[in-house]
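J.: I'd like to ask some things about the structure below.
The values are calculated or read from the model by the stated rules, or taken from the named source; none is laboratory data. If you're wondering where the values come from, they're calculated on a predicted model, not measured in any experiment. Positions of Cβ are generated from backbone atoms using ideal geometry, with glycine treated the same way; all protein chains shown enter the neighbour counts. All accessible areas refer to the heavy atoms of the entire protein, side chains included, with ligands and DNA or RNA removed. Shrake-Rupley method; radii C 1.70, N 1.55, O 1.52, S 1.80 Å.
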Amino acid sequence: MSAMDMTSAGESTRVEISVIVPVFNEAENIPGLLARLTPVLERLAASHEIIFVDDGSRDNTMTALRAANAADARVTAVSFSRNFGKEIAIAAGLDNAEGAAVVIMDADLQHPPEVIEAFIAKWREGFLNVYGQRTDRDTDSRVRRMFTKRFYRLFAALGETALPEGAGDFRLLDRRAVLALRAMPERARFSKGLYAWIGFKSVGVPFEVAERAAGESKFSYRKLTRFALDGLMSFSTMPLMVWTYIGTAVSFFALLMAMRFLLVTVIYGVDVPGFATIIVSVMFLGGIQLLSLGVLGEYVGRIFAEVKRRPLYLVGERIGNPAEPAPDPTPRSHARRV
Ligand code: UDP
Ligand code: MG
């Protein structure tokens, strides 16, 4: 069964709540997470499954997951052939989740499992897109918080989709929202933007982010920068458009200067000095042109990544039976829809 066939009518879901957990080198967090998460789910849901997406871990994550599956068959795992990134791990989780509602959370207990109770309550009230809203960012470093703030301000100014304040990946999605996300084939996945883009009846549930249980953040500043650029560029064409305005302004200014020089030359004759002005303006314009080319390049590179239509991820191994094992290596190949 392919991802797209899931939309067919009459589809029955086997479990009520699916929980997706992307993991990258989180072996030491898995037992602790399950010990807190499982009782919550047993109390709140008629049936559940917990799907770990191993994002190419190099530690004992897979050993820990095999042990977890042996102890409780409701815990399953999909393991990538290498590290594809958290956003893609979430997409794989959504592809495999069977639940009538799907909860996405981190493995490091920064997202308290107890908050899921409030998520489910809102879902039963009829909300299809229930997001956790962090009340503070004290657990992040000062530098990271500063960049985060800048990024969201820029995104609000340029992005064509409004992001709810403090919303992240910790959330519950109704099956309808999950199917909408599965239908999005893009490679540059800025999930936060996609959750907002699909819409549906949404509501925020405030929660306090806890300290990471063990290990350290798997996001380097380099990864975060790529992520921020992906986010801006997949939700805004402003960086492309702005050059039209800058170009117009610079040309207009150049025209005024030309007229001034023409008049001065006609009235006072040829005036040789002005070398500095020429060098400065040549360098300024050269800089602007390279910058705008660079922006173009960023978009062209992303278009290239999309048109290659490589599979979003490759599964190396499965533990348990998370949904239907995809028969072909392109679980979200959108070729069949074109
Ligand atoms: N993660 C992942 N792939 C990556 C980086 C992170 O699957 O390339 C997972 C990680 O194991 C964790 C979640 O994404 O479950 C959030 O990562 P982390 O706690 O490092 O991020 P932070 O809390 O610093 O934003
Ligand atoms: Mg974390």
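J.: Take the residues of the stretch 130-148 that are charged (D, E, K, R), more than 12 Å from ligand 2 (Cβ to nearest atom) and closer than 22 Å to Asn29 by Cβ: which is most open to solvent (accessible area, probe 1.4 Å)?
T.: Within the stretch 130-148, the match that is most open to solvent (accessible area, probe 1.4 Å) is Asp138.
J.: Then there is this: Scan the stretch 177-194 and report the pairs whose first residue is over 18 Å from Met105 (Cα atoms) and whose second residue is surrounded by fewer than 20 Cβ atoms within 10 Å (Cβ to Cβ) and of a type in the set (Lys, Arg), with Cβ atoms within less than 6 Å and a gap of 6+ or a chain change.
T.: Note: pairs meeting the criteria are Ala188/Arg302.
J.: Being at pLDDT below 90, open to solvent by less than 40 Å² (accessible area, probe 1.4 Å), away from ligand 2 (no atom under 16 Å from the Cβ) and not β-branched (Val, Ile, Thr) is true for just one of Phe127, Phe119, Phe151. Which residue is that?
T.: Phe151
Residue-by-condition table, conditions (1) β-branched (Val, Ile, Thr); (2) on the phi < 0 side of the Ramachandran plot; (3) modelled with pLDDT under 95; (4) surrounded by fewer than 15 Cβ atoms within 10 Å (Cβ to Cβ):
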| position | (1), (2), (3), (4) |
| --- | --- |
| Glu16 | no, yes, yes, no |
| Ile30 | yes, yes, yes, no |
| Val40 | yes, yes, yes, no |
| Arg43 | no, yes, yes, yes |
| Met62 | no, yes, yes, no |
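J.: Name the single residue, out of those in the stretch 72-116 being of a type in the set (Gly, Ala, Ser) and within 16 Å of ligand 2 (Cβ to nearest atom), that is farthest from the chain's Cα centre (by Cα).
T.: Ala107
J.: Among residues belonging to the stretch 233-254 that are open to solvent by 60 Å² or more (accessible area, probe 1.4 Å) and closer than 13 Å to Ser281 by Cβ, point out the one that is farthest from the chain's Cα centre (by Cα).
T.: Top of the filtered list is Phe253.
J.: Out of the stretch 199-243, which residues are of a type in the set (Asp, Glu) and more than 11 Å from ligand 1 (Cβ to nearest atom)?
T.: Within the stretch 199-243, Glu208, Asp230 meet the criteria.
J.: Tally time: how many residues in the stretch 107-116 are on the phi < 0 side of the Ramachandran plot, within 16 Å of ligand 1 (Cβ to nearest atom) and surrounded by fewer than 22 Cβ atoms within 10 Å (Cβ to Cβ)?
T.: Number satisfying all stated conditions: 4.
J.: Right, something else. Hey, any hits in the stretch 188-197 for a residue that's assigned to a helix (DSSP H, G or I), among the aliphatic types (A, V, I, L, M) and crowded, with 17+ Cβ neighbours inside 10 Å?
T.: There is at least one residue in the stretch 188-197 that is assigned to a helix (DSSP H, G or I), among the aliphatic types (A, V, I, L, M) and crowded, with 17+ Cβ neighbours inside 10 Å.
J.: Hey, can you tell me all the residues within the stretch 286-308 that are among the aliphatic types (A, V, I, L, M) and open to solvent by less than 70 Å² (accessible area, probe 1.4 Å)?
T.: Ile288, Val295, Ala305
J.: Would you call Ala214 within 16 Å of ligand 2 (Cβ to nearest atom) and in contact (Cβ under 8 Å) with a residue 40 or more places away in the chain?
T.: So Ala214 passes the test.
J.: Does the stretch 83-103 contain at least one residue that is over 25 Å from Arg175 (Cβ atoms) and open to solvent by 20 Å² or more (accessible area, probe 1.4 Å)?
T.: yes
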